[in-house]
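The values are calculated or read from the model by the stated rules, or taken from the named source; none is laboratory data. Treat the numbers as computed from the prediction; the structure is a model and nothing was measured. Neighbour counts run over all protein chains shown; Cβ positions are idealised from the backbone, glycine included. Just so you know, the surface numbers come from the protein's heavy atoms only, side chains and all, with ligands and any DNA or RNA stripped out. Shrake-Rupley method; radii C 1.70, N 1.55, O 1.52, S 1.80 Å.
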Amino acid sequence: MTKIEELKQKETGRRHFIKSGATFLTAISAPAAVTAPLASAAPLPDSMLKSGGNADAYGSPSIYEKDVKRLVTQQNGMSTLTYTYAPLHQQKGTITPSGLHFSVHHSGLTDIDPDTHTLYIHGLTEKALKFSVSDLLRYPMVGGHKFLECSGNTWPQAVFPNAEQKTLQELYGLISGSEWYGVSLRRLLEEAGLKPGAKWVIAEGSDAGSLARSIPLERIMDDAIIALYQNGERLRPSQGYPMRLFMPGLEGNVSVKWLRRLEISDRPAYTQNENRSYADTLGDGQLQNFSLYMGVKSVITHPSSGQQLPDKGYYEISGLAWSGFGKVNAVEVSVDGGQTWQQAKLEGPVHSKSMTRFSLPWKWTGGSVELQSRAMDDFGNIQPTHKEWRKSFYQGSPKHYNAIQTWYIDQQGGVNNAF
């Protein structure tokens, strides 16, 4: 058989398959008693009886998706600290839409006119520089798909794990994944010129509290950017419009929003936030400053606390994994509380310092189940148990909690947080 004859035979078989497949689908869709074609027997939906409306200048979600939203805490008394928690339980993939991205604001939310905003770079530099937003928009853009996580994400599990049954969104909603693009900070610092002794960068924001953080210069020179875009559009005010520092893999607070000043120094500033809110209490009672990296971590998003399995049968266990050090290279899932583990499938492409989706087919037979996941990264880090994590951190220390999470499924299919 020639190559042409072989191709003709394959095409004939393909057409026959499509034809027979359509007949089969029609047969299983219609009851045997129905003699008229199914399409002509079904009533027309309202959407086919009249024309639709106009498109919006800026698109909005469907009105039927109104329950897909962030959980928002309000300012309380003298405190202007607010949180918005991303609805991870209602999302697929690894990109969080900008309107659902988590945010933490220490001094409330502000919206700054880009035409009046200026970024200053000074200190141990050969020359001081200042940039308008329009100046930065002329530079080549770099970036990619990265996660951003508050160091206090899942803090209730670290502080009082048995206090109450919290949902996935309440526990894990202070993390999101986006495409971030902006100007390489290394490029700007090389343009300014660094003097001998330069070791730290103090970043300050334009918020009412002048939030400032100290970051090692070597980490800045790796992959830090002045972020101008998120998910293809300009930053939103809740993400620091018109510009923010973005530090892939580090605790969210160092990615200073509404960035106005970068001071190059030979030492850290030991700002109020660094000494009070973002220092870890170790197991021996000592304080540790600048534990900036977010450890390897994972969580099953479905099934998860607050959800309900409607019936016995097959389900997909699905979740997210990430590491501030590099790539996630494996995730394991347990359905018996950690006694045995199965390798989950990672959905590619897997990016460094990015959220990775994992999944595992599973059949629920109706018994009580304890679901867990644990992640590993390409630096050899393995997600710890709570007991292992507690050996390193003092009781009550709320930051950088990355221990294995357990969801308990009862015989009625209810899913709860089980510590």
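Summary table below
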read-out: Answer from Val415, Val335, Val331 - the residue that is among the β-branched types (Val, Ile, Thr) and without any contact (Cβ under 8 Å) to a residue 40 or more places away in the chain; value: Val335
read-out: Single match in Ile226, Ile264 (criterion: in a strand (DSSP E or B) and under 30 Å from Val72 (Cα atoms)); value: Ile226
read-out: Every residue from region 56-65 that is farther than 26 Å from His105 by Cβ and open to solvent by less than 100 Å² (accessible area, probe 1.4 Å); value: Ser62
read-out: Subset of region 66-111 (residues that are exposed (fewer than 15 other Cβ atoms within 10 Å of the Cβ) and small (Gly, Ala, Ser)); value: Gly77, Ser79, Gly93, Gly99, Gly108
read-out: Scope region 116-165; condition more than 16 Å from Leu189 (Cα to Cα), basic (Lys, Arg) and out of contact with any Lys or Arg (no Cβ under 7 Å at 6 or more places or on another chain); matching residues; value: Arg138
read-out: Qualifying residues in region 66-81 (those that are of a type in the set (A, V, I, L, M, F, W, C) and part of a strand (DSSP E or B)) - the one farthest from Pro349 (Cα to Cα); value: Val72
read-out: Residue among Tyr314, Tyr293, Tyr229 that alone is closer than 17 Å to Ile95 by Cα, of a type in the set (Phe, Trp, Tyr) and open to solvent by 50 Å² or more (accessible area, probe 1.4 Å); value: Tyr229
read-out: Sole exception among (1) among the polar types (S, T, N, Q); (2) more than 22 Å from Gln272 (Cβ to Cβ); (3) out of contact with any helix residue (DSSP H, G or I) (no Cβ under 8 Å at 6 or more places or on another chain); (4) open to solvent by 20 Å² or more (accessible area, probe 1.4 Å) for Ser238, by number; value: (4)
read-out: Residues that are over 14 Å from Arg276 (Cβ atoms), open to solvent by 30 Å² or more (accessible area, probe 1.4 Å) and touching a residue at least 60 places away in the same chain (Cβ under 8 Å), drawn from region 201-215; value: Ser206, Ala208
read-out: Residue that is farthest from Glu149 (Cα to Cα), among those in region 159-172 that are surrounded by fewer than 18 Cβ atoms within 10 Å (Cβ to Cβ) and of a type in the set (A, V, I, L, M); value: Ala163
read-out: Residue in region 154-191 that is nearest to Thr301 (Cα to Cα), counting only those that are of a type in the set (S, T, N, Q) and at pLDDT below 95; value: Thr167
read-out: Where Ala41 falls short, out of the listed (1) in contact with a strand residue (DSSP E or B) (Cβ under 7 Å, 6 or more places away or on another chain); (2) at pLDDT below 80; value: (1)
read-out: Breaking point among (1) at pLDDT 95 or above; (2) within 25 Å of the chain's Cα centre (by Cα); (3) more than 16 Å from Gly252 (Cβ to Cβ); (4) of a type in the set (Val, Ile, Thr), for Ile121; value: (2)
read-out: Residue count, region 173-197 (criterion: open to solvent by less than 10 Å² (accessible area, probe 1.4 Å), in a strand (DSSP E or B) and not β-branched (Val, Ile, Thr)); value: 5
read-out: Verdict on Ser291 being within 30 Å of Ile409 (Cβ to Cβ), in a loop (DSSP other than H, G, I, E, B) and small (Gly, Ala, Ser); value: no
read-out: Criterion violated by Ile300 - all others in (1) outside any loop (DSSP other than H, G, I, E, B); (2) open to solvent by 10 Å² or more (accessible area, probe 1.4 Å) satisfied; value: (2)
read-out: Failed item, numbered, when Glu170 is tested on (1) assigned to a helix (DSSP H, G or I); (2) under 15 Å from Lys257 (Cα atoms); value: (2)
